[in-house]
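A short write-up of the structure that comes next.
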Amino acid sequence: MMSEKLLKGFNDQLKHEFDAANIYLAMAAYCNSEDLDGFANFFMVQAEEERFHAMKFFNFIDEIGERVVVSGLEDPNNSYDSVLDAFQSALDHEKKVTGQINNLMSIAMEEKNYAAVNFLNWFIDEQVEEEASFSALIAKIERVKDNPQGLYMLDEKLSQRTFTPPTGE
Ligand code: MG
């Protein structure tokens with residue numbers, strides 16, 4: 001059981017996570033166009049993670065016997081000035097998502113919906129990790145952005161990222 005308000009919030013978040021997947025896919029396309037395939041791979045894997053997040057909302061709503069509503073997606077931004085610009089936009093986006101998750105948590109706590117609180121706790125932790133990983137990469141990109149050799153090495157490193165769904169989910 002879930003209040004109408006919280007259910008709407010959960011269905012909206014399902015859409016937001018798919019929107020995030022598309023945003024990162026657009027960033028991957030930009031990196032590919034700049035011949036930075038490793039950076040593109042990083043964003044492709046990030047897009048997969050976002051689809052995984054979306055499906056966690058889908059499955060939870062269904063599991064508690066409520067109705068999943070799938071909505072259309074927003075047009076993502078497809079133009080960036082640089083890889084640094086893409087990563088800064090990604091961090092801004094993650095901060096926005098953190099706000100959305102925090103807002104859902106406030107409603108769930110207000111309504112004493114402990115199943116929802118427990119479910120959202122995973123996302124609270126996940127957002128801390130997402131913001132930390134983007135911040136760390138931005139710091140690295142800032143250090144090497146005017147050095148093609150450094151950028152190439154970072155690109156090489158990011159080409160190794162793979163998607164591993166968290167265990168026990
Ligand atoms: Mg997400």
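On the Cα set of region 74-144, report Rg and Dmax in Å, please.
15.3, 48
Going 7 Å from the Cα of Lys145 toward and past its Cβ, which residues in region 80-100 have a backbone nitrogen under 12 Å from where you end up?
Zone members listed by number: 81-89.
Grab the eigenvalues of the alpha-carbon gyration tensor for region 38-169, scale each by 5, take roots, and send me the semi-axes largest first in whole angstrom.
Gyration-tensor ellipsoid for region 38-169: 32, 15, 14 Å.
Mind ordering 104-113, 42-51, 87-96 by average Cβ neighbours within 10 Å, highest first?
Ranking the peptides 104-113, 42-51, 87-96 by packing returns 42-51, 87-96, 104-113.
Treating the beta-carbon of each Lys and Arg as +1 and of each Asp and Glu as -1, no other charges, what is the dipole magnitude of region 49-167 about its Cα centre, to the nearest 20 debye?
Details: 11 positive and 22 negative charges, 41 e Å.
The dipole of region 49-167 has a size of about 200 debye.
Within the set Lys15/Lys96; Lys15/Lys56; Lys95/Lys157, which residue pairs have Cα atoms separated by over 18 Å?
Values: Lys15/Lys96 14 Å; Lys15/Lys56 12 Å; Lys95/Lys157 25 Å.
Violating the 18 Å limit, Cα to Cα: Lys95/Lys157.
With runs of 4+ DSSP H residues as the only contributors, calculate the mean residue ellipticity of the chain at 222 nm using -39,500 (n - 2.57) per run, divided by the residue total and rounded to the nearest 500. Walk me through the intermediate numbers first.
Numbers: 5 runs with 127 residues, N = 169.
Calculated from helices alone, the mean residue ellipticity at 222 nm is -26500 deg cm²/dmol.
Once you keep just the Cα pairs under 8 angstrom separated by 6 or more residues, what percentage relative contact order results for region 1-64? Display every interim value, and only then the final one.
Working: 55 pairs, mean separation 28.2, N = 64.
Contact order relative to length: 44 percent.
Multiply the residue gap between Ile64 and Tyr114 by 0.36 nm, knock off their C-alpha separation, and tell me the result in nm, one decimal place.
Roughly 16.8 nm would be gained on extension.
Quick one: Debye curve from the C-alpha atoms of region 14-84, no solvent, what's log10 I(q)/I(0) at q = 0.18, 0.25 Å⁻¹?
Each listed q maps to, in turn, -0.68, -1.02.
We did not get these values from a lab; they are worked out from the coordinates using the rules stated. Computed from a prediction, not measured in an experiment: that's the story for all the values here. No Cβ is skipped: glycine too gets one built from the backbone with ideal geometry, and neighbour counts run over all protein chains shown.
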